[in-house]
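This report refers to the structure that appears directly beneath it.
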Amino acid sequence: MKKYNHSKNIRNMKIRRFSTAVCCAMLLTLMLSCDNGERFGEEMYKNVFALISDNDNVYSAVHSFENEISEGFVSIYCGGTRPVAEDVTIELEYDTLVVDAYNYRYYDLDSSRYSKMLDASHFDMLSFTATIKAGQPDPYVTFPLQIHTAGISPDSIYFIPLRIKRLSREYEINPEKVSVMYRPFMENRYAQTKVSTTYSSRGEKEGKEIVSTKKMYPLTATKSRITVDTQTGLTDNITDLNLIWRYAIILTVGDDNLVTLSPYGAIEVEPLGEPDENRYEERDFKRFYLHYRYRTLTAPASSTSEAAYGAWSEIVETLKRQN
């Protein structure tokens, strides 16, 4: 009589159970893979609309003071591996809430540093609607705008905040890209605001050597602002408007590259020497050669007295652009 091998039988049962479990797992994985594949395919084909921007929904553009009216645009993109099957018209509207969120995120309760919506006198939205055509190979459209450059200050962050108001067809809008803040940066031949323009300064004050690094800011096509002496106009590396008002002057470059100096705020400044001792040159580097004297306000004018100023200080300096 054949002996029954109990341990072998148990081992075979375990192997069959394990094989069955493996097969079930493989089948489940295959089913999930197919489902995920279908979903992935759907995601690839899905048309999703989004306003183009960089971090924090900001889209930056540089505008030159050389142009009284400078052209710009914001863009909207339609994602997906296939173009839209029908014409889709996108309508925009202003969105001030996105500016509020930006201010709270970066400046909390320090309202003195808040960014602002660019005043309506400084820009025109030429259109709030644009259409992506059915089958259009380039899946984006632009909304043109114009910046009126005169008078835009370098001391504030300005935005034109926009959001997608509606689509003419039932398509998805990316909730993280439903808004954009168009930020115009200004520039002239001597400075710009997108990247701080730095000038090294070397010279003399009352016969003693002075060395410093200062920032220059564009005001118009021919005018730029800089601080006198070794003053930087910064407190904790942040522009201090009180210091700017106290120590800043305007350099105006003429057609002959001679430079006229004038006060920006509560300061008095006068050119010294020959006319060409205050000039601009552009060779291997951009340089300003300056010879002037200045004095700062010590007491503002009142109803009974004129403004009082400190002693004059004479400066001879060469400013050399670093970037």
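The values are calculated or read from the model by the stated rules, or taken from the named source; none is laboratory data. All values reported here derive from a predicted model rather than from experimental measurement. A quick note on method: Cβ atoms are made from the backbone with ideal geometry, for glycine too, and the neighbour counts reach across all protein chains shown. Quick note on the areas: whole protein, heavy atoms, side chains included, nothing else; ligands and nucleic acids left out. Shrake-Rupley method; radii C 1.70, N 1.55, O 1.52, S 1.80 Å.
Before moving on, here are some points about what is shown:
- Failed criterion for Ser302 (all others in (1) touching a residue at least 24 places away in the same chain (Cβ under 8 Å); (2) more than 22 Å from Phe65 (Cα to Cα); (3) not β-branched (Val, Ile, Thr) hold): (1)
- Within the range 191-203, the set of residues being among the small types (Gly, Ala, Ser) and in a loop (DSSP other than H, G, I, E, B) comprises Ala191, Ser196.
- Sub-6 Å Cβ pairs linking a first residue in the range 148-174 that is free of Cβ contacts under 8 Å to residues at least 24 places away in the same chain to a second residue that is open to solvent by 50 Å² or more (accessible area, probe 1.4 Å) and part of a strand (DSSP E or B), at least 6 apart or interchain, number zero.
- Meets criteria (in contact with a helix residue (DSSP H, G or I) (Cβ under 6 Å, 6 or more places away or on another chain), in contact (Cβ under 8 Å) with a residue 12 or more places away in the chain and either open to solvent by 30 Å² or more (accessible area, probe 1.4 Å) or aliphatic (A, V, I, L, M) (or both)) for Val195: no
- Filter result for Glu68 (of a type in the set (Asp, Glu), out of contact with any Lys or Arg (no Cβ under 9 Å at 6 or more places or on another chain), surrounded by fewer than 17 Cβ atoms within 10 Å (Cβ to Cβ) and under 30 Å from Leu241 (Cβ atoms)): yes
- When Asp155, Asp108, Asp119 are checked against the criterion of being open to solvent by less than 70 Å² (accessible area, probe 1.4 Å) and either touching a Pro at 6+ places or on another chain (Cβ under 7 Å) or over 14 Å from Leu92 (Cα atoms) (or both), Asp155 stands alone in meeting it.
- So Thr96, is it out of contact with any Leu (no Cβ under 9 Å at 6 or more places or on another chain), of a type in the set (Ser, Thr, Tyr) and open to solvent by 60 Å² or more (accessible area, probe 1.4 Å): yes
- Condition broken by Gly207, with the remaining ones in (1) of a type outside the set (D, E, K, R); (2) modelled with pLDDT under 95; (3) within 27 Å of the chain's Cα centre (by Cα) satisfied: (3)
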